[in-house]
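Every read-out reported here was derived from the displayed coordinates using simple, explicitly stated rules and does not represent laboratory data. The model shown is predicted, which means the values in this text are computed figures rather than measured ones. Please note: Cβ atoms are built from the backbone with ideal geometry, for glycine as well, and neighbour counts cover all protein chains shown.
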Amino acid sequence: MTDPGARTLRLLSLLQQRRYWAGADLADRLGVSVRTLRRDVERLRELGYPVQAQRGVDGGYQLAPGAALPPLVLDDEEAVALAVGLQAAAQSAIAGTAESSVRALAKVVQVMPPRLRRRVEALRAATEPAPWSGARDVVDPSALTVAAQACRDAERLAFGYTAADGTATEREVDPHRLVALGRRWYLVAYDLARGDWRSFRLDRLTRPRPTGARFAPRRLPAEDAVAFVRAGIGASSAQVAVEVLVDAPAARVRERIGRWAQVEEDGPDRSRVRMETDSLDWPAFALGVLGAEVTVVSPPELLDLLHEWGRRFGRAATVVPPA
């Protein structure tokens, strides 16, 4: 990569992907000499990016929080607006945006000075979210950010955790990946006290904090993190397979509930929807917001529930206040 401008952008991207780079490794990734790398680092510093250097045989570089955001990227107001927007998008109902929002939020927070982080936290605390999935599934955006950074940096993570039966414990783990599955976020990690891999629901996780200790990555005993979480869910709770035909185009159905369901074309202006759930209340709600006719393929209990809801709503009446 010979163009200095393009190489500088590539250097910035690499510094945001990992907490610390050895100088030789970074130069190798860019295809330049160590001397050229030093010039590129200086160019980033001139643009306002706080790049720290460690000298010596094992010297390297890292991107640190600065006194101000890089002036050619975002001003303070834009940075706060972006961080708050990404926090909201991390719980978005739009398929495919949640994971990328968490990654982007982790990058923004990494270079955000403390005074701006405080403003973001104040705005978040004063805002009441209204997630589709219900209050019990709400994930603190700061927990997502801390977990995402710990996974990226291979940094040990400590947090409080409340199990399904209400038991509260303190955990210390080597984090591996974040997984968005169904209505929930999961952290896949190696639990040090139990000496085994675990998946943790992030809505049950409190006070996540990096410990500063680094670890060598372990081999996950599954094809990938998603498969590991799916296997754990199947082993710990009874999942109900739901299949429904919807009289609406697949694109429209995906826009509304594609985050939580598999949606396929099933003829002109009709869709086949499949999802797995531990409660039929959620599929009933999701089908209700589609505003389209539905045919329940399975299970029959879902049809019974929809009929019950229909009768209940049909009995709804307007209360006339006394004169």
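If the chain between Glu78 and Glu170 were fully stretched, how many nm would it gain, using 0.36 nm times the residue separation less the Cα-Cα distance?
Values: separation 92, 0.36 × 92 = 33.12 nm, distance 3.69 nm.
This chain segment gains 29.4 nm when fully extended.
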- Kindly state, to the nearest 0.05, the FRET efficiency for Asp281 paired with Thr162, given R0 = 30 Å and r defined as their beta-carbon distance. 0.85
- Query: What spacing in nm lies between the two simple spin-label points modelled at Arg55 and Tyr20, each 7 Å away from Cα in the Cβ direction?
  - Reply: 1.8
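Got the relative contact order for region 240-314 handy, in percent, Cα pairs under 8 Å and 6 or more residues apart? Let's see the in-between values first.
Details: 111 pairs, mean separation 29.2, N = 75.
Computed value for region 240-314: 39 percent relative contact order.
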- So how do Asp153, Asp203, Asp304 line up by other beta-carbon neighbours within 10 Å, fewest first? Asp304, Asp153, Asp203
- Phi-derived 3J(HN,Hα) across region 241-257 with the Karplus relation (6.51, -1.76, 1.60, θ = phi - 60°), rounded Hz, x for Gly and Pro, is 8, 10, 9, 9, 9, 10, 7, 7, x, 4, 4, 5, 5, 4, 4, 7, 10
